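In what follows, a structure is listed as structure tokens, so that the remarks can point back to it.
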Amino acid sequence: MDLINAGDAAAGFAAFGQLPAWFFEVVFKGGVGLVSAGQTAQTTLYLEPGVYVIECYVKTGGKFHGLFGMAKQLVVTQATTDAAPPKASLQMTLSREGGLAIEGKLRPGLQTIAVHFQDQGPHEHFLGHDVHLVRLTDNSDVASLEAWMDWSSPTGMETPAPEGVFMGGAQEMPAGSTAYITAQLRPGRYAFIAEVPAPSSKGMLYTFQIPEGKRAAR
């Protein structure tokens, strides 16, 4: 990352290619997504028994937060809760070809969105696609938000985040996986956005307005 921050992106990306072989066998299994300070988020997903790592890859001073201790091992045992998946109020599909597609109406109140990863694969920044929910404010600039979502830019994922409230989401998962985002949607302006370079060009940026009352979003 130091090379990228210094303006030598080619050398920086080449250095990532020299990571140990085991790194390229890591499977990204999802997570809760970006959450602003003071907020709580809920994402439900299925984890098979095994060893996992939870990490934060937001940056401060050009360094990932995982380097500051924001990483923790998680062991999932063979025991099961037999819990059923949440009941979704609408469906979302993510894919490289179709971008972000929503089936159903976004309405005020507590919503559970089933996020289906139709496919998966690395984008220009070596990672796959995911989705995050952001409540936009009067001072939010969507173009700044879009640029910030690319970690491979020196200013991408760097604190402080652009104006807005991150409410969680569904981190990168393998093709065929489903995660469930549960969030309270109050009247206001929102965006679903993927953490990929230029998400709008890939159909992975969707802004919407939750109106007062029980009407659907527009």
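The values are calculated or read from the model by the stated rules, or taken from the named source; none is laboratory data. Since the structure is predicted, the reported quantities are computational estimates derived from the model, not experimental observations. Cβ: placed from backbone, ideal geometry, glycine included. Neighbour counts: every protein chain shown.
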Review point. When you go through M204, M167 one by one, which is the residue that is surrounded by 21 or more Cβ atoms within 10 Å (Cβ to Cβ), touching a Leu at 6+ places or on another chain (Cβ under 7 Å), farther than 30 Å from A11 by Cβ and among the hydrophobic types (A, V, I, L, M, F, W, C)?
Key: M167
Check your understanding: Which residues, taken from the stretch 62-76, are at pLDDT 95 or above and part of a loop (DSSP other than H, G, I, E, B)?
Key -> G69, M70
Check your understanding: Which one of the conditions (1) more than 19 Å from G98 (Cα to Cα); (2) assigned to a loop (DSSP other than H, G, I, E, B) does P174 fail to meet, given that it meets all the rest?
Key -> (1)
Review point. Would you pick out the residues in the stretch 78-109 that are within 18 Å of H129 (Cβ to Cβ) and among the aliphatic types (A, V, I, L, M)?
Key: M92, L94, L100, A101, I102
Exercise for review: Output yes when any residue across the stretch 99-113 is under 16 Å from L34 (Cα atoms) and touching a Pro at 6+ places or on another chain (Cβ under 6 Å), and no when none is.
Suggested key: no
Check your understanding: Restricting attention to the stretch 29-43, does a residue exist that is in contact with a Pro (Cβ under 8 Å, 6 or more places away or on another chain), in a loop (DSSP other than H, G, I, E, B) and surrounded by 15 or more Cβ atoms within 10 Å (Cβ to Cβ)?
Key -> yes
Study note, to complete from the structure: Residue pairs qualifying under the 8 Å Cβ cut-off, at least six apart or on distinct chains, with the first in the stretch 56-74 being of a type in the set (V, I, T) and the second being surrounded by 13 or more Cβ atoms within 10 Å (Cβ to Cβ), are V58/L34; V58/F64; V58/H65; V58/M157; V58/E158; V58/A161; T60/E158
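Among the residues in the stretch 178-185, are any within 22 Å of T155 (Cα to Cα) and in a strand (DSSP E or B)?
Within the stretch 178-185, the subset within 22 Å of T155 (Cα to Cα) is none.
No, there is no match, as no residue in the stretch 178-185 is within 22 Å of T155 (Cα to Cα) and in a strand (DSSP E or B).
Counting just the residues of the stretch 129-143 that are part of a loop (DSSP other than H, G, I, E, B) and in contact (Cβ under 8 Å) with a residue 12 or more places away in the chain, which one comes out farthest from G109 (Cα to Cα)?
Looking only at the stretch 129-143, we keep the residues that are part of a loop (DSSP other than H, G, I, E, B), and these are 129-130, 137-141.
Now narrow it down to the ones that are in contact (Cβ under 8 Å) with a residue 12 or more places away in the chain: 129-130, 137, 139-141.
On the way: H129: 27, D130: 23, T137: 18, N139: 24, S140: 22, D141: 25 Å.
Of everything passing the filter in the stretch 129-143, H129 is farthest from G109 (Cα to Cα).
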Practice item. Output the number of the condition that K87 fails; it satisfies all remaining conditions of (1) within 30 Å of E158 (Cβ to Cβ); (2) surrounded by fewer than 14 Cβ atoms within 10 Å (Cβ to Cβ); (3) of a type outside the set (A, V, I, L, M, F, W, C). Key: (1)
**Study point:** From the options L136, L145, L110, residue that is aliphatic (A, V, I, L, M) and within 30 Å of A6 (Cβ to Cβ)
**Key:** L145
